């Protein structure tokens with residue numbers, strides 16, 4: 001396979017520069033119709049608005065302090081930050097003056113709340129003001145700041161209003177004065193990574209390198225000796241060994257980041273850290289960070305990732321356990337973790353298009369992440385098991401509501417993940433109906449996709465340019481896409497001759513009206529897990545294109561474990577109106593007799609009968625009648 005140097009810098013397009021329609025557009029419409037307002041409503045119902053309103057008494061401790069020394073109430077600023085970010089993206093898609101006014105009022109409250117030195121955190125200003133910067137390991141101060149920064153950047157880009165952006169710049173400037181080496185400075189970092197990638201966004205929107213430098217400082221310091229968390233605890237009069245998780249691996253602070261080889265600990269924290277590392281690797285052309293991330297990437301995707309792109313099998317630590325430990329019914333696979341994997345994969349593309357990252361980004365997006373939001377945009381999954389006996393359903397809210405705004409902000413900003421632009425190249429990472437506007441070498445260009453992907457594999461591009469321009473268009477060819485074809489202005493392109501790291505790279509002088517046609521065959525295919533994944537031995541999963549499929553009781557009746565796939569998986573497709581026109585697969589199977597009898601055991605195996613099973617996209621399960629669900633199906637081969 002051809003390769004290019006990786007010292008190029010690809011950055012995502014701003015959300016306002018990409019219009020999306022099709023499946024992604026439908027998800028965004030649901031967010032505009034329901035989710036964005038729902039997020040604000042439920043934040044208010046939880047007491048978050050009163051917590052930041054200095055014109056009324058604070059609510060005090062609403063959620064009790066737990067044995068780890070903190071309360072999930074400490075994270076409320078982060079929930080507001082992600083909710084504001086979601087609203088911002090929704091306002092770009094569809095004006096909503098009432099919703100915008102609500103956010104403006106929240107921003108006004110944050111402006112009043114902010115200290116003169118720039119510090120901003122509702123908990124540590126109004127509940128425990130004496131505990132500021134005393135327990136970075138557990139108390140999420142910088143994490144909350146990061147989400148507010150991301151909300152500020154998004155709101156500025158969507159509305160042009162700078163107030164929250166200026167508030168967070170003041171806070172970031174204050175952080176620069178607090179953190180670092182030297183007298184009176186804190187040589188530390190947050191126990192829950194997030195601020196690193198937020199500071200990169202702030203730097204890109206303001207053009208201020210100082211914010212990049214602060215993000216780099218946090219990454220470079222993490223896990224170095226003497227360990228900051230140990231010294232912090234001693235200074236604070238705490239027993240350094242007596243804390244909730246009892247290991248610095250939980251927050252990826254057990255070793256310097258460039259020396260870490262195995263993905264460990266809390267899954268969301270790991271994904272946010274790696275996202276920040278990847279951004280810094282891009283901005284500083286840092287091969288040492290990229291090399292470490294490549295090792296961690298292989299560790300995750302070859303030993304610790306569900307077929308859905310779900311990660312973190314255990315509820316106990318909301319994270320990773322042992323290699324190949326991927327239970328299905330008890331899978332935690334937090335929605336936030338798959339969202340974080342999309343973040344990381346997208347940022348790995350900052351040093352150049354590469355299919356190994358973009359394919360996983362698509363896999364995690366369409367399956368592990370999108371499952372987290374119902375079709376109507378009103379209910380949410382936190383855990384995403386691959387098997388259910390019929391008792392697992394979406395929530396309306398949660399005592400730690402991190403997932404609802406996380407999946408909402410991802411889908412509402414998905415256009416930014418579809419493309420990456422460099423000085424002389426536009427890369428198309430994800431396919432979907434819509435248009436992207438960008439500039440290369442001083443030329444304004446618009447690239448429009450016409451497609452029904454992922455339901456159908458034909459993708460047509462129209463190029464609109466203000467004048468002829470020489471640049472490259474790189475189109476991802478998924479690894480599973482056998483027999484893909486490509487043509488420019490109806491002239492066939494030899495994919496083998498132009499493929500670079502899994503992308504078809506077409507470099508030429510582009511003219512207004514040029515056309516590209518990519519056809520990606522979408523055929524049902526079975527996947528088998530490594531035999532070391534004991535829970536999947538003797539079973540197969542069914543996929544079509546980027547989508548993992550499952551069976552539900554609403555289509556197939558009870559007893560889904562009695563279904564067995566044969567060698568013939570030729571599928572008949574059908575569009576399901578009640579699932580938004582999603583393509584279902586009808587597959588010939590055998591099914592065990594439904595009536596075993598009254599006995600628990602018997603000497604004869606069940607009688608298998610020929611049948612047809614209906615498979616639906618995994619991300620759409622539990623949107624109809626409740627019941628059993630199963631991804632891994634018994635296999636006859």
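The values are calculated or read from the model by the stated rules, or taken from the named source; none is laboratory data. From a predicted model like this one, the values you see are computed outputs, not experimental measurements. No Cβ is skipped: glycine too gets one built from the backbone with ideal geometry, and neighbour counts run over all protein chains shown.
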- Note on the structure: Restricting segment 15-37 to residues that are in contact with a helix residue (DSSP H, G or I) (Cβ under 8 Å, 6 or more places away or on another chain) and not in a helix (DSSP H, G or I), the one nearest to residue 620 (Cα to Cα) turns out to be 20
- Looking only at segment 57-69, decide whether some residue is out of contact with any helix residue (DSSP H, G or I) (no Cβ under 8 Å at 6 or more places or on another chain), more than 19 Å from residue 151 (Cβ to Cβ) and modelled with pLDDT of 95 or more. no
- Task: Quick one: which residue in 349, 293, 300 is surrounded by 23 or more Cβ atoms within 10 Å (Cβ to Cβ), under 26 Å from residue 546 (Cα atoms), touching a strand residue (DSSP E or B) at 6+ places or on another chain (Cβ under 8 Å) and in contact (Cβ under 8 Å) with a residue 24 or more places away in the chain?
- Result: 349
- Note on the structure: Checked 390, 310, 340 against criteria (under 19 Å from residue 194 (Cα atoms) and in the same structural domain as residue 281 (by TED's automatic domain parsing)); the one match is 340
- Query: Any idea which residue in segment 220-244 is modelled with the lowest pLDDT, counting only those that are in contact with a helix residue (DSSP H, G or I) (Cβ under 8 Å, 6 or more places away or on another chain) and in a loop (DSSP other than H, G, I, E, B)?
  - Reply: 244
- Output the residues belonging to segment 525-542 that are assigned to a loop (DSSP other than H, G, I, E, B) and in contact (Cβ under 8 Å) with a residue 12 or more places away in the chain. 528, 529, 530, 532, 533, 538
- Of these, 479, 523, which one is in contact with a helix residue (DSSP H, G or I) (Cβ under 8 Å, 6 or more places away or on another chain), surrounded by fewer than 20 Cβ atoms within 10 Å (Cβ to Cβ) and under 30 Å from residue 631 (Cβ atoms)? 479
- Item | Only listed residue being touching a helix residue (DSSP H, G or I) at 6+ places or on another chain (Cβ under 9 Å) and crowded, with 24+ Cβ neighbours inside 10 Å, chosen from 374, 338 | 338
- Of all residues making up segment 474-497, the number that are farther than 16 Å from residue 545 by Cβ and either part of a loop (DSSP other than H, G, I, E, B) or free of Cβ contacts under 8 Å to residues at least 24 places away in the same chain (or both): 9
- From the option list 586, 595, 568, single residue qualifying as part of a strand (DSSP E or B), free of Cβ contacts under 8 Å to residues at least 40 places away in the same chain and more than 29 Å from the chain's Cα centre (by Cα) is 586
- Message: Condition check: closer than 28 Å to residue 326 by Cα and in contact with a strand residue (DSSP E or B) (Cβ under 9 Å, 6 or more places away or on another chain). Does residue 435 satisfy that?
- Response: no
- Look at residue 149 and say whether it is surrounded by fewer than 24 Cβ atoms within 10 Å (Cβ to Cβ) and either assigned to a helix (DSSP H, G or I) or at positive phi (or both). no
- Query: Mind checking whether some residue in segment 224-232 is in contact with a strand residue (DSSP E or B) (Cβ under 6 Å, 6 or more places away or on another chain), over 15 Å from residue 142 (Cα atoms) and in the same structural domain as residue 157 (by TED's automatic domain parsing)?
  - Reply: no
- Query: Can you name every residue in segment 442-476 that is buried (at least 18 other Cβ atoms within 10 Å of the Cβ) and either assigned by TED's automatic domain parsing to the domain that holds residue 359 or farther than 18 Å from residue 506 by Cα (or both)?
  - Reply: 451, 453, 454, 455, 457
- Which residue out of 502, 580, 496, 597 is in the same structural domain as residue 463 (by TED's automatic domain parsing) and modelled with pLDDT under 95? 496
- Message: Among the residues that make up segment 288-309, is at least one of them in contact with a helix residue (DSSP H, G or I) (Cβ under 8 Å, 6 or more places away or on another chain), in a loop (DSSP other than H, G, I, E, B) and farther than 27 Å from residue 561 by Cβ?
- Response: no
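Per-residue answers, yes or no, for (1) over 24 Å from residue 14 (Cα atoms); (2) in contact with a helix residue (DSSP H, G or I) (Cβ under 8 Å, 6 or more places away or on another chain); (3) without any contact (Cβ under 8 Å) to a residue 60 or more places away in the chain; (4) in the same structural domain as residue 255 (by TED's automatic domain parsing):
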| position | (1), (2), (3), (4) |
| --- | --- |
| 132 | yes, yes, yes, yes |
| 138 | yes, no, no, yes |
| 164 | no, yes, no, yes |
| 171 | no, yes, yes, yes |
| 200 | no, yes, no, yes |
| 218 | yes, yes, no, yes |
- Query: Going through segment 79-115 one residue at a time, which ones are over 20 Å from residue 30 (Cα atoms) and not in a helix (DSSP H, G or I)?
  - Reply: 114, 115
- Query: Within segment 245-282, which residues are surrounded by fewer than 19 Cβ atoms within 10 Å (Cβ to Cβ) and touching a residue at least 40 places away in the same chain (Cβ under 8 Å)?
  - Reply: 245
